[in-house]
Structures are given as structure tokens and as C-alpha cells.
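The values are calculated or read from the model by the stated rules, or taken from the named source; none is laboratory data. Fair warning: this is a prediction, and the values are worked out from it, not measured in the lab. Positions of Cβ are backbone-derived with ideal geometry, glycine not excepted, and every protein chain shown enters the neighbour counts. Accessible surface areas use protein heavy atoms only, side chains included; no ligands, DNA or RNA. Shrake-Rupley method; radii C 1.70, N 1.55, O 1.52, S 1.80 Å.
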Amino acid sequence: MSRGGMPPQTYHAGGVAASIMRTMPTVWNDSLLANPHAAADKRQRVRSMFAAIAPSYDLNNRLHSLWMDQLWRRNAVKLAGLRPGDRVVDVACGTGDLALRFARTQGNAASAVIGIDFTHEMLPIALRKSGGAKVVFVNGDALCLPLADGCTDVVSIAFGIRNVADPAAACREFRRILRPGGRLVILEFSLPTLAPLRALYNFYFRKVLPRTATLISGDKTGAYKYLPESVNTFIDRSAMMRMMTDAGFADVTQHPMTFGICVCYRGRLPGAI
Ligand SMILES: C[S@@+](CC[C@H](N)C(=O)[O-])C[C@H]1O[C@@H](n2cnc3c(N)ncnc32)[C@H](O)[C@@H]1O
């Protein structure tokens, strides 16, 4: 599936982000958090932050979503409409939860699943969790995927598009690697549309979660302050759907879950099914 050959079978376990961390322990300060998406060096900051929180990433996810995160991923797999033999590329795979869910989905026995992430520190954790699952984890950037044009049936990205420096360019890159008729599935945090519910959720999201998640992870980068602020300042649902359409996707739909805290977006590349 790679450009000019087979995909690498192993991850690159370098420590670039770790070395950035030594010079930049606090990644997000209050002024950057006013709109983290506008940071000129968002890419490096995001990578340093995820490198720092990788070891406690899963625990914080489960606890702070009350295990709903796994349900959201399961729904994303359903919405991808997998068929036996489908190839799947899970971008920004992190510790591998969505990629592994694709690989373990019944009826998809012959498929190949590739998980790609630009934070090296996430990939050994994903690999450890993979057991016998047919997944390859690769170090790579969503904006320049090390894969050939039209090589896959499904591209997925869970809680990743918000973290990418140029989400529109990433959508165009997803389009490039999808075959005609292929599906793009994006899972991302959103906010409840009902004002009182939104206010209540934001109290938890902005005031409670940053404290408890930071305590659990021992994080010094500001990762769990970044999380709610990056959601609150990210493009809204209609802009997200427009972005997918502008990148060339058709039949773009949104599927809100759990009062709209999380939304799954799906689009299809025009052409053969
Ligand atoms: C919130 S985590 C989501 C991980 C996983 N998809 C999940 O469902 O738990 C976001 C991930 O996006 C990755 N990421 C951010 N920007 C990226 C990029 N440009 N290319 C590849 N990975 C990226 C980070 O390294 C991080 O692992």
C-alpha cells in the first residue's frame, strides 16, 4: 500500500518529541489556549504533548469518558460499512484503539489495517495491545501519508483531525489514498447543541477534567487544558461537513452521539462502489 513498495512493518521508535519536551515542558500556556489552532508551531506542540501523555492516555480516556470512548469507536466502525477484504487506514491512531477495533471486527477477516501516527511514543503502546490482530503501526504524518494513491477502502481518524495543523489539507490527503467509492470516517469531539447542557458539560470539561486528568497523568504540558479549549475553538459541525465536501467527498453525513459530545462524520468518494 505504500508509495513505491510495501508499508514498513515496524514503527520508528525515535525520541524527537521527547527531546522537544526537554526544552519545552509547558507546551500550552494561557495565551496559546485562547485559540490553540492558531499557533504557528501547532504541529510540534501537539506532538510534544502526546509524547508526554502517551503512557496514561488510555486510562484517562476511559475514566473521563466513563468508557463511552470505546462505544463511540464501535459506532464509527459500524458507520464505515466494512466489507470482507476492505483495507483500512486509521490515521492519528494513537494507542491503536480504533485500528484494533477495525481489525477485530467480524466479517472483515481478510482485511489489512494500518494505523499511522506521527507521535512515536504512542506506537509501542498500540503494538503491545495488538496481540494477534492483523494491524501494522507506522510512524507518519496525516498531511503526507506514506501510502500510494487509491490504496485503501476506508480512511478513519478518531479525535485526530482537531489536532492536525491543517485539517482541510488532511482531508485532501485522505481523498488521495482512497479508491473511488471509498469511505472517510471522522470521529471528533463536539459540544451539546442545547445551551444548558452545553454549559453543564463545559463546566466538567473545562474545570473538572483538566484537574483530574492532569493529576492522573502527571502532565506538565497543559494537555488537559488544551483538550477542552481545542474543542471549543475548533470549526463547528457544518464547517466540518463543508470541509469534507470541499475535499471531494459526497453524501457527507453527521451522527451525533451522547448528547452531541462526540460526532461521527462520514463521507464517500464518488465513483465505483
Ligand atoms: C487524541 S489522540 C487520538 C488517538 C486515537 N485515534 C484514539 O482514538 O484514541 C490524537 C492523535 O493524533 C496524532 N496526530 C496529531 N496530528 C497528527 C498528524 N499530523 N499526523 C499523524 N498523527 C497526528 C497524535 O500524535 C495523537 O496520537
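Listed by chain and number, the lysines whose alpha-carbon sits under 23 Å from that of K220, ignoring those within fewer than 8 places in the same chain, are K42, K207. Divided by 2.2 N^0.38 Å, where N counts the residues, the Cα radius of gyration of the stretch 61-118 comes to 1.13.
If you take every DSSP beta bridge fully contained in the stretch 84-223, what fraction is antiparallel? Give it as a percent rounded to 5. Walk me through the intermediate numbers first.
On the way: 1 of 20 bridges.
In the stretch 84-223, approximately 5 percent of DSSP beta bridges are antiparallel ones.
Each of S31, T119, F189 was placed along the dipole of the chain (beta-carbon charges, centred on the mean Cα), and the one lying farthest toward the positive end is F189. For the stretch 53-174, the solvent-accessible area of protein heavy atoms averages 35 Å² per residue (probe radius 1.4 Å; ligands and nucleic acids excluded).
Extension gain for A239-K78 works out to 55.6 nm (0.36 nm per residue, less the C-alpha to C-alpha distance). Estimated from helices alone, the mean residue ellipticity of the chain at 222 nm is -11000 deg cm²/dmol (sum of -39500 (n - 2.57) over DSSP H runs with n ≥ 4, per residue). Shown for the stretch 128-273 is the translational diffusion coefficient from the Stokes-Einstein equation, using the Kirkwood radius over Cα pairs, a temperature of 4 °C and a viscosity of 1.567 mPa s: 77 µm²/s.
Full extension of the segment from S31 to A148, taken as 0.36 nm per residue of separation minus the current Cα-Cα distance, would add 38.1 nm. Relative to the compact-globule estimate of 2.2 N^0.38 Å, the Cα radius of gyration of the stretch 187-273 comes out at 1.32. Positive-end ranking of P256, V138, P270 along the dipole of the chain, with charges on Cβ about the Cα centre, is headed by P256.
Give me the Å³ per residue figure for the convex hull around the C-alpha atoms of the stretch 99-150.
Working: hull volume 4.2 nm³, N = 52.
Residue-normalised Cα hull volume stands at 81 Å³.
Considering every alpha-carbon pair of the stretch 180-234, the percent of pairs per 10 Å bin, from zero through the bin containing the longest distance, is 21, 41, 24, 11, 3. Here the contact order of the chain, divided by its residue count and restricted to Cα pairs under 8 Å and six or more residues apart, works out to 23 percent.
Taking only the C-alpha atoms of the stretch 20-131, the Rg (one decimal) and the largest Cα-Cα distance, Dmax (whole number), read 16.2, 49 Å.
Taking the Cα centre of the chain as origin and charging only Cβ (+1 Lys, Arg; -1 Asp, Glu), how large is the dipole, in debye to the nearest 20? Mind showing how you got there, number by number?
Working: 33 positive and 20 negative charges, 75 e Å.
So the dipole magnitude of the chain works out to roughly 360 debye.
In straight-distance terms, cross-link reach from K225 covers every one of the aspartates and glutamates whose alpha-carbon lies under 15 Å from its own, apart from those fewer than eight places away in the same chain; here that gives D30.
Based on the alpha-carbon set only, what is the convex hull volume of the stretch 54-184 divided per residue, in Å³? Write down the numbers at each step before the final one.
On the way: hull volume 13.1 nm³, N = 131.
Enclosed volume per residue, from the Cα hull, is 100 Å³.
By the Stokes-Einstein formula, at 0.890 mPa s and 25 °C, the chain with its Kirkwood radius over alpha-carbon pairs has D equal to 131 µm²/s.
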